[in-house]
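Read through the structure below, which is laid out as structure tokens, and then see the notes.
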Amino acid sequence: GAGVSQSPRYKVAKRGQDVALRCDPISGHVSLFWYQQALGQGPEFLTYFQNEAQLDKSGLPSDRFFAERPEGSVSTLKIQRTQQEDSAVYLCASSLAFRSPITEAFFGQGTRLTVV
Amino acid sequence: DAKTTQPPSMDCAEGRAANLPCNHSTISGNEYVYWYRQIHSQGPQYIIHGLKNNETNEMASLIITEDRKSSTLILPHATLRDTAVYYCIVRVAFFRYNFNKFYFGSGTKLNVKP
């Protein structure tokens, strides 16, 4: 596709429910990032993939958060037993290369998760 | 990781230049300065980046001070569509492990007024 695609755009979950958020990066992009953005705040890093390898998951807030990218393309962010504090916009970004620092990342529109 | 400081908000008249400042006093020699913006309900959009030289593209200009401790993003002729939150980011790249991430702060809310 032309850009990073995320689905669903909006998700309402009952507290305790599991959710799965999908990210389709730009074709051929090696690097993939997940960010969490709380209302009124800047995005905060969650995790990073280089192809199918998850090289950094230092930003995942708890073991209820899990991300995968099994074939090095589509990625899924899963949140188990959702809590109200998980309510946020979840952003996915991809970039072409990983060896140079000068490649920009392209962001999707995000998935707005509301836990009730 | 270097952190950035930006004013929380700024106003600009339509058609005027918008100058958005950013302080990054702890930046290290191999860290780049990136600017992104986020229009309401959209994902962040790349604007421009630089290391130590001034840069210009079709969207904006980036002026980096000689000591690299601060920079200014310039939108030469702001329009109403430029109303957004602008993030100044110092990008850390770990070549050895080939991963990188962006640290966003709270950004500057630019209000372009008619």
**OP:** About the Cα centre of the protein assembly as shown, how large is the charge dipole given +1 on each Lys and Arg Cβ and -1 on each Asp and Glu Cβ? Please answer in debye to the nearest 20.
**Re:** 420 debye
Subject >> In the B-A interface, the accessible area buried, summed over both sides, Å² (probe 1.4 Å) >> reply: 2100 Å²
Original post:
What number, in percent, do you get for the relative contact order of the stretch A:1-76 if the mean sequence gap of Cα pairs under 8 Å and at least 6 apart is divided by its residue count?
Top reply: 26 percent
Subject >> With DNA, RNA and ligands ignored, accessible area of B:THR83 (1.4 Å probe; Å², nearest 10) >> reply: 40 Å²
**OP:** Let me know the mean shielding of B:38-46 by other chains, meaning the per-residue number of their Cβ atoms within 10 Å of its Cβ.
**Re:** 6
Original post:
A:PHE106: accessible area at probe 1.4 Å, nearest 10 Å²?
Top reply: 90 Å²
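Looking only at other chains, what is the average number of their beta-carbon atoms within 10 angstrom of each beta-carbon in A:52-58?
What the average comes to for A:52-58 is 2.
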Original post:
How large is the convex hull of the Cα atoms of the stretch B:1-92 per residue, expressed in Å³ as a whole number?
Top reply: 94 Å³
Subject >> Listed pairs A:LYS14/A:LYS78; B:LYS3/B:LYS109; B:LYS3/B:LYS69; A:LYS78/B:LYS109 exceeding 21 Å between Cα atoms >> reply: A:LYS78/B:LYS109
Original post:
Got a sec? Charge dipole of the protein assembly as shown, +1 on Cβ for Lys and Arg, -1 for Asp and Glu; which of A:GLY108, A:ALA20, B:THR4 is way out at the positive end?
Top reply: A:ALA20
**OP:** Could you do me a favour and compute the accessible area per residue for chain A, 1.4 Å probe, result in Å²?
**Re:** 48 Å²
Original post:
Whole-Hz Karplus ³J(HN,Hα) for the stretch A:51-64, in order, using 6.51 cos²θ - 1.76 cosθ + 1.60 and θ = phi - 60°, x for Gly and Pro?
Top reply: 6, 8, 8, 8, 8, 8, 10, 5, x, 5, x, 7, 6, 7
Subject >> GluC sites (Glu not before Pro) restricted to the stretch A:52-82 and DSSP loop, no more than 12 other C-beta within 10 Å >> reply: A:GLU71
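Volume per residue, Å³, of the convex hull around the alpha-carbon atoms of chain A? Numbers along the way, then the final one.
Numbers: hull volume 11.3 nm³, N = 116.
So the per-residue Cα hull volume is 97 Å³.
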**OP:** Quick one: dipole size for chain A, taken about the Cα centre, charges +1 on Lys/Arg Cβ and -1 on Asp/Glu Cβ, in debye to the nearest 20.
**Re:** 360 debye
**OP:** Mind checking A:34-43 for the average number of partner chain beta-carbons within 10 Å of each residue's beta-carbon?
**Re:** 4
Original post:
Share of chain B's accessible area from carbon and sulfur, percent, 1.4 Å?
Top reply: 51 percent
Subject >> Across chain B: Cys residues that no other cysteine approaches within a C-beta distance under 4.7 Å >> reply: B:CYS12
**OP:** Would you mind calculating the relative contact order of chain B from Cα pairs under 8 angstrom and at least 6 residues apart, reporting the percent as a whole number?
**Re:** 36 percent
Original post:
Would you list A:SER5, A:SER94 from the most to the least accessible area, probe 1.4 Å?
Top reply: A:SER5, A:SER94
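The values are calculated or read from the model by the stated rules, or taken from the named source; none is laboratory data. Keep in mind that what you see is a predicted model, and the values were worked out from it rather than measured. Cβ coordinates were reconstructed from backbone atoms using ideal geometry, including for glycine residues, and neighbour counts include every protein chain displayed. SASA here: full protein model, heavy atoms, side chains in, ligands and nucleic acids out. Shrake-Rupley method; radii C 1.70, N 1.55, O 1.52, S 1.80 Å.
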